[in-house]
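Q: Shown below is the structure under consideration.
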Amino acid sequence: MTDTRQRTTWGTRFRFLVRAFGLTGLFATVIGAGLFASEFPSPSQWTTQTVQAAGEGTHGPFAKVAAWTLAAGVVSVAIALVVELLSGLLLITGRRTAASVSATVGTLAALALLVFVNAYSFTHHRRLDFTRDHQFTLAPELAEKLRSLRPESPTTIVVHQMHQTFGSLTDERDSYTSGAERKVTEKVKDVVDLFRELGPRFNIEVLDTEAFEYNRQLDAITKDAPALRQAIESSPENSIFFFANDRVQRLAFNEFLQLDKTASKEANSGRGNLVLLPQGVENFARRVLAVQERRPKVAVLVVHELLTTAYPEGRGRAFTMAGLKKALTTHGFDVTDVVLKKNWASAGSLEELKPAADTREESTLERLEGALATAADETAAAREQAEIFGQIRTRVEELKGRPWAERSALYARLVRGGTVTEELEPEVLASLQRQFNRADQILIDARKAQASAEAKLRDALSDERTIEGRRITDVKAKLTRVLADVDLIVIPRFTVEDATEGPDVAASLHGISKEQADVIRDFMLKGKPVLALLGPISSRTGPATDGPDPLEKLITERGIVLGNETILFDGEAAAFASRRAGEQFGGGVPTDIPPLVLVETPDGKTDIKPNPVAAAARLTARSVDQKLDLRARALRPVYVAPWVSAEPRFAAEFVQTGPDAWNEVRPFPQVRPLPDGTFGVTDIPRFEPTPLDDPRKGTLEEERRGPFPIGVAIDGPSPAHWSDDRLAPTRIAAMLVAGPQFQKLIAGALASAQSNRPKGTSSRLIVFGSGNLFSGPKLEPAQEKLLLHSANWLTGREDRMPQASQAAWQFPRVEMTEREFSLWRYGTAIGLPLVAVYLGLMVTMFRRLR
Amino acid sequence: MRATASLIRREFIAYFTSPAGYVAAFGFLLLTGLLFNLNLGLLTEKGPLGVEYPMQVMLGGADSPILAQVAGVLFWGLFPAVTGMLTMRLLAEERGTGSIELLLTAPIRDWQIVFAKFYACFGFYIVLWLPTLLYLPVLADLHAQWKPAFTPFSIAMLVGFVLIVFGKIAFFRDWPGWLTIGLGLIGLTAAVAGGYFHYTQDPEHLVTFTAGIDPAPIWTSYLGVVLAGAMFLALGLFVSSLVESQLVAWMVSLLLGLVFVLPSLLRWWFEPGTVGYDVVYFLSVPEHFRRTFTRGQLDTLPIVLYVTVTLFCLFLTVRSLESRRLR
């Protein structure tokens, strides 16, 4: 038997050595890479500089060994490859035939072609989307915009899971919310993948507050991005952050894919699914494109510093709009205050208040000046008193040792004619000493208070902008300037919080001047929106006697009719009654009132588009499978004028009371002297239907039961005469009075005025018949959502409102009976493999037979 | 041509006459059956759970639930093993038994040998996947409605199908080549043209399919399976041409196949959008399926990779046979 092994030559030995060398080098490379990776885990650290530094021992002995092992391995492999290549060339140029050379060249050419084609494909590949709804395809115009983003300023997208899906609405967590969180995270990654294909650079990071290394990850991501960190830390719910060029935009999970928990529970015949309402990839893309976008600015116009958005110090918790500010700023708005009245410190009556357009700081400054003046007066009085006591003290000292008659004369003056005996003298002197001490203490306290007031005023005066602002005396010009960069005006008029308690702030206090109203009118003429929160105007003694102030006139001219009554609930009537019985006098258990109702479309009017704010609120409620519990007392009816409702763009009256309410002209009980000399509660408000012969019967003022609209939203043109003074009703009236020579002009003006009002710029307006709907240091969840939807709609940010315009996303489901399920299960898991076994055995047996 | 057809017939039938083919089919159907059952559970799930892309679970690309991830690892671990099993004997057996010499001296070109062997094992690979079409009624929530809409177009389509079947029979019964080709071509033309006009011109159709679940991921996935399978088979065939032992051929082709599978494990390590991730994506077949094929997309990157590697491996196999002839 011959030895089939190859003959061992020096050449084969050399080849073995080279290959052994190369294999050992490969082994060393793998080991070195493993060691190096344990020291430098991030791929970004794997640079030649790092390896060089590690080899020099900069990173310690372990890294040095790893670097040297890696380097030695790579060099060994390289040497082995070079030798193999050279020997291959020698073979080709040596004894191989021309055919084998051509074969080798052909193989190398094919290899080169393979590499080239794939390298080209690597950099120029395209993804084609064949899905039914083209879910992986961006709209061409959107793709074009994203392409225009500069790749050198990358956008960091942070998906921040804090396991709070609905902000303040509820913190309830269940399988639906956690399922939605997972799916949103997946979908965000998909969208970012789509964006990446267009060129611009995006980094995506997923942060989970419940993850082990959350804080370390957060520190790493926000190391050079304090704005991002601040945004993440102040975020109220699961959010997606877009960060570029030190600017941050936030998108709540629900603004990308909104969970519809109600539909999720009802889906698949009640067996459940995960139903998400897509809010549009455009919504997501807009945040990327508009990362530098300015935040909309909201101005809160009030008449007193206490009603501003400042967080209350002690008193004024009910009046503050701090909750409104917090809700708006958290959701992407900037909020500023404008105080419309001044002279509060010195005014003796309402008439002495002066119109203003002050910032909160200016108003504070005025208050501090008043406080300082008061403190100075108190100090002066204390000083005067101390001086008098000083004189008494001197006189008492002078009379020491003098006859009793002289001393008693002085004492008699000091005790205002009382009799002082010699035995009582020590007590009188002791009493005087206490009074001296007390006067000294009062003076010290007054001086301290004055010093404190001076210090506060000094601080306030250090703000140059405040000082500069005060110099402007033209209220109209100043208010115009303040509102120039404002995107939304909010006008809260807090009057009554609870009718059973009586009015809190007189409605007349909120009245503004004509020039201030003109500025607001001009604001609307520019197409900018207004949110008015108008509390009832009834006074303690009955209906308001003053006419509507200029602001209410403006609102009325826009097509909103403001009721003069106050809406009371049936439950409150019982409270009034029990109060009369003395059960709750001076307070007690608050009465329960029914929640307000949000109306998308009026009953039976299917041809009207749903109200956008109510529709958004409904979707929000569905996301938590709860109704929005919106409650408010002492409301004012707000109606849409017939000429507006004749051609509605959508349902205008969108917030209503329930039927258990009535409109009351005298909503406050009176406390009057009774025949027996005592005082008692009289004029208890109760529902008394308007009689048939009453002229109010059949009008909006008719006393009747609910429901009453208390929230109206309109989107339409301003009255023609706002922009063209010739059409003003007063001017037309004047022409009518002037005589027939103006007949033609009158006819033209009237025709123009009558022929609808779409002359001015279109703008949005929402009026709520409650002055305190969004008041308080913190808003209730339902109030917050209503405010946000209203503000977003008013400022044209519909993309931030929940929408159901796109088909809902849900997990695909297959309906089948239990039997079908079992057949599929066992048929595929056991049946099909058994068929293969059966056929295999049959074939084997058949072959044996042959 | 005749010799090529004979060789294809011989190689193809060999899969059905040896237990190895059935063992492979059993393992394959068991695995896909388990994956399908996982899908079945998710598609009939209660509450907010489920699967968005059923084919992602079928082809081992789903990240949740955790069982789907485990099944995915199992699937892609076994995929190159199964293709290796199909190709290991093709040329290694011939070399081991010495019949390669006979084959090389037969009046048939090297490329024809390689083509015939590849065609046969690729055909068997397709046959392996055919039973999985039974899963489609569930995976696409497919419903069919039958109607006796016999129009000239529908009849042409049916006749076309029958002619194709006769063409296949002619091929395996070794009937004359012109008849085999004729039946095949006429049948294909009639089936395609008749089908097209029947579904675009006729008001009613013989069968109308409605899919409750988007069917696009199904056909894109099957296309991916066909192309990726071709690549793995070509790789295995090349390896089989280099060694004599079938076991060695299987092991080496498995190892080479894992070069296109294991990079997917590195996807957690790299941030998407980086070059590192792009390279991982380029090489990783499971990642191609997870991100594109099973979600109703076609990416030219993996398609180009599969086609070019397939052609390159077939080219190398031909060269391998040629080099043997030169010795």
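Q: Net charge within 14 Å of B:Val57 by Cβ-Cβ distance, Lys/Arg positive one each and Asp/Glu negative one each, not counting B:Val57 itself?
A: Residues near B:Val57 contribute -1 overall.
Q: Still on this structure, please answer the following. Mind checking B:263-269 for the average number of partner chain beta-carbons within 10 Å of each residue's beta-carbon?
A: Other-chain Cβ atoms within 10 Å of each residue's Cβ, averaged: 1.
Q: Then there is this: Rounded to the nearest 5, what % of DSSP beta bridges with both residues in the protein assembly as shown are antiparallel?
A: Expressed as a percentage, antiparallel bridges in the protein assembly as shown total about 70.
Q: While we're on this one: With everything on Cα atoms, drop me the angle between helix A:514-525 and the longest principal axis of chain A, reported from 0 to 90° to the nearest 10.
A: Around 20 degrees separate the two axes.
Q: No solvent, one uniform scatterer per C-alpha: report log10 I(q)/I(0) for the range A:289-428 via the Debye equation at q = 0.14, 0.19 1/Å, two decimals.
A: Each listed q corresponds, in turn, to -0.78, -1.10.
Q: Using a simple spin-label model with points 7 Å from Cα along the Cα→Cβ vector, what separation in nm is obtained for A:Arg247 and A:Ala380?
A: 5.5
Q: Can you give me the distance in nm between label points at A:Asp190 and A:Ala412, each placed 7 Å from the Cα along the Cα-to-Cβ direction?
A: If labels sit at A:Asp190 and A:Ala412, their model points lie 10.4 nm apart.
Q: Which residues does the label zone of A:Glu141 cover in the range A:275-303, counting backbone N under 20 Å from a point 7 Å along Cα→Cβ?
A: Once the point is set 7 Å along Cα→Cβ of A:Glu141, A:279-291, A:293 turn out to lie under 20 Å by backbone N, inside the range A:275-303.
Q: Next question, about the same structure. Please work out how much length the chain gains when fully extended from A:Ala33 to A:Ala72, using 0.36 nm per residue of separation minus the C-alpha to C-alpha distance, in nm with one decimal.
A: Full-extension gain reported as 12.9 nm.
Q: If I model a spin label at A:Ser42 and A:His163 as a point 7 Å from the Cα along the Cα→Cβ vector, what separation in nanometres do I get?
A: If labels sit at A:Ser42 and A:His163, their model points lie 2.8 nm apart.
Q: Can you give the calculated 222 nm mean residue ellipticity of chain B, where each DSSP H run of n ≥ 4 adds -39,500 (n - 2.57) and the sum is split over every residue, rounded to the nearest 500 deg cm²/dmol?
A: Mean residue ellipticity at 222 nm (helix-derived): -23500 deg cm²/dmol.
Q: If you average the sequence gap of Cα pairs under 8 Å that are 6 or more apart and divide by the length of chain A, what percent do you get for the contact order?
A: Once divided by the residue count of chain A, the mean separation gives 12 percent.
Q: With axes computed from alpha carbons, what is the tilt in degrees of helix A:175-196 against the longest principal axis of chain A, rounded to the nearest 10 within 0 to 90?
A: Relative to chain A, helix A:175-196 is tipped by roughly 60 degrees.
Q: Taking only the Cα atoms of the range A:364-460, how large is their convex hull per residue, in Å³?
A: 88
Q: Out of every Cα pair in the range B:86-244, what percent are spaced more than 23 Å from each other?
A: Everything past 23 Å amounts to 59 percent.
Q: Which aspartates and glutamates does A:Lys605 reach when only Cα atoms under 15 Å apart count, and residues fewer than 8 places away in its own chain are ignored?
A: Hits, sequence-local ones excluded: A:Glu647, A:Glu653.
Q: Just to be sure I follow the rule: in the range A:410-557, considering lysines 8 or more places apart or on different chains, how many pairs have Cα atoms under 17 Å apart?
A: Lysine pairs meeting the criterion: 5.
Q: What does the helix-only formula give at 222 nm for chain A: each DSSP H stretch with n ≥ 4 adding -39500 (n - 2.57), the total divided by the residues, and the result rounded to the nearest 500 deg cm²/dmol?
A: After summing the helix terms and dividing by residue count, I get -15000 deg cm²/dmol.
Q: Take every residue in peptide B:39-46, count the Cβ atoms of other chains within 10 Å of its Cβ, and give the average of those counts.
A: The shielding value for this peptide is 6.
Q: Provide Rg and Dmax in Å for chain A, with only Cα atoms included in the calculation.
A: Here Rg and the maximum Cα pair distance are 41.4, 159 Å.
Q: Helix by helix through chain B, keep the DSSP H runs that span 20 Å or more along the axis on Cα and average at least -0.5 on Kyte-Doolittle, and give those back in order.
A: For chain B, where a helix must reach 20 Å along its axis and average at least -0.5, the hits are B:2-17, B:19-43, B:66-87, B:110-129, B:152-172, B:177-201, B:216-242, B:300-326.
Q: Compute the length gained on full extension between A:Val206 and A:Trp404: take 0.36 nm times their separation in residues and subtract their Cα-Cα distance, giving the result in nm to one decimal.
A: Working it through step by step, the gained length comes to 61.9 nm.
Q: So if I restrict to the alpha-carbon atoms in the range A:672-712, what is the Rg, and what is Dmax, the biggest pairwise distance, in Å?
A: For the range A:672-712, the Cα-based Rg and Dmax read 16.0, 48 Å.
Q: Based on the Cβ-Cβ distance from A:Arg13 to A:Leu128, what FRET efficiency comes out when R0 is 56 Å, to the nearest 0.05?
A: Taking R0 as 56 Å, the efficiency between A:Arg13 and A:Leu128 is 0.50.
Q: Now for a different question. Of the residues B:Ile213, B:Ile169, B:Ile108, which exhibits the maximal mean-square fluctuation in a Gaussian network model of chain B defined by a 10 Å Cα contact cut-off?
A: Looking only at B:Ile213, B:Ile169, B:Ile108, the largest GNM fluctuation is found for B:Ile169.
Q: Now for a different question. Which order do the peptides A:61-72, A:145-156 take when ranked by the mean count of other beta-carbon atoms within 10 Å per residue, highest first?
A: A:61-72, A:145-156
Q: Right, next: For the peptides A:41-54, B:148-161, what is the packing order when you average, over each peptide's residues, the other Cβ atoms within 10 Å and list the highest mean first?
A: B:148-161, A:41-54
Q: Per-residue mean of other chain beta-carbon atoms within 10 angstrom of the beta-carbon, peptide B:29-36?
A: Mean shielding count: 5.
Q: Please report, in whole Å, how far the alpha carbons of the range B:273-327 spread along each principal axis, starting with the longest.
A: Cα extents, longest axis first: 49, 25, 15 Å.
Q: Loop-only check: which trypsin sites (Lys or Arg not before Pro) in the range B:104-193 are DSSP coil with at most 14 other Cβ within 10 angstrom?
A: Qualifying residues, ordered by number: B:Arg109, B:Arg173.
Q: Here is a follow-up. Trypsin sites (Lys or Arg not before Pro), restricted to the range B:214-312: which are DSSP loop and have at most 10 other Cβ atoms within 10 Å?
A: Hits after loop and neighbour filter: nothing returned.
Q: What is the fewest-to-most order of A:Asp129, A:Asp260 by other Cβ atoms lying within 10 Å of their Cβ?
A: A:Asp129, A:Asp260
Q: At a Förster distance of 30 Å, what's the computed FRET efficiency of A:Glu172 paired with A:Asn215, Cβ-Cβ distance as r, to 0.05?
A: 0.70
Q: Turning to a different aspect of this structure: State the Kirkwood hydrodynamic radius of the range B:205-327 in Å, one decimal place, computed from all pairs of distinct Cα atoms.
A: This gives a value of 16.3 Å.
Q: How big, in percent, is the set of alpha carbon pairs in the range B:246-293 lying more than 12 Å apart?
A: Everything past 12 Å amounts to 62 percent.
Q: Please work out the FRET efficiency for the pair A:Ala347 and A:Lys605, using the Cβ-Cβ distance as r and a Förster radius of 45 Å; give the result to the nearest 0.05.
A: According to the calculation, E is roughly 0.35.
Each reported figure results from applying straightforward, stated rules to the coordinates on display, with no laboratory input. Remember, it's a predicted structure, so these values are computed and weren't measured experimentally. All Cβ positions, even for glycine, are placed from backbone atoms using ideal geometry, and neighbour counts span all protein chains on display.
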